[in-house]
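Following: one structure in structure tokens, then a few remarks.
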Amino acid sequence: MADSKKVSFDFAVITKVLVGLLLVFMGIAGFIDTRGTSFTRPLYNFLDEDAFIYIVAAVTALAGLGIIIAQFLPGLPTYIGTISGIVAVVLWILIIIFRDITKLDDKDFVDFIQDLAIDLIILIAIAQSTVLSKKK
């Protein structure tokens, strides 16, 4: 009888990698275009100085890399992934403030709720996959 192998996906790993890639590419986008992505543009507009934008872009990309590297190098100290996750959570809270809360007057209620819901889902994914995850 043939031995069948089960294929299983570890969605926690997939989520961490996707969160890390999101942050890395958001950071790269900040270097390519100081207007950033649709998520970071309001934050970058608030900073309004290229030097600050580059610093935020670098921190964003490094946080993403930290999350990815911590996932695949188990010998690394656990605080690397945790610190990267905390940085990502703080960054996303700032994005929520500058993208959703400060722009509330420019949006109708349905657009506001939709944008806020998307940002909260991403924030929860970042927190759950990094800061709140338990090491086995």
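Since every read-out is calculated from the coordinates, none of them should be taken as a lab result. Fair warning: this is a prediction, and the values are worked out from it, not measured in the lab. Note that each Cβ is placed from the backbone with ideal geometry, even for glycine, and that neighbours are counted across all protein chains shown.
I need the calculated FRET efficiency for the pair ILE80 and PHE9, taking r as the beta carbon distance and R₀ as 30 Å, to the nearest 0.05.
0.80
Helix-derived [θ] at 222 nm for the chain: sum -39500 (n - 2.57) over DSSP H runs of at least 4, divide by residue count, nearest 500?
Values: 5 runs with 89 residues, N = 136.
Taking each H run of at least 4 residues, the total per residue is -22000 deg cm²/dmol.
Neighbouring Cβ atoms within 10 Å as the yardstick, rank ASP48, ASP105 fewest first.
ASP105, ASP48
Considering the options GLY64, GLY85, ALA12, tell which one lies farthest towards the positive end of the dipole of the chain, charges being +1 on Lys and Arg and -1 on Asp and Glu at the Cβ, about the Cα centre.
ALA12
Let me know the shape class of the chain, please: from the alpha-carbon gyration tensor, a ≥ b ≥ c as square roots of the eigenvalues, rounded when a/c is under 1.5, otherwise prolate if a/b is greater than b/c, or oblate.
prolate
State, as an integer percentage, the relative contact order of the chain based on alpha-carbon contacts under 8 Å between residues 6 or more apart.
Rounded, it is 27 percent for the chain.
Relative to the longest principal axis of the C-alpha atoms of the chain, give the angle of the C-alpha long axis of helix 109-126, reported between 0 and 90° and rounded to the nearest 10°.
The angle comes out near 40 degrees.
What FRET efficiency, computed as 1/(1 + (r/R0)^6) with R0 = 41 Å and r the Cβ-Cβ distance, is obtained for PHE25 and ASP105, rounded to the nearest 0.05?
For R0 = 41 Å, the calculated efficiency reads 0.85.
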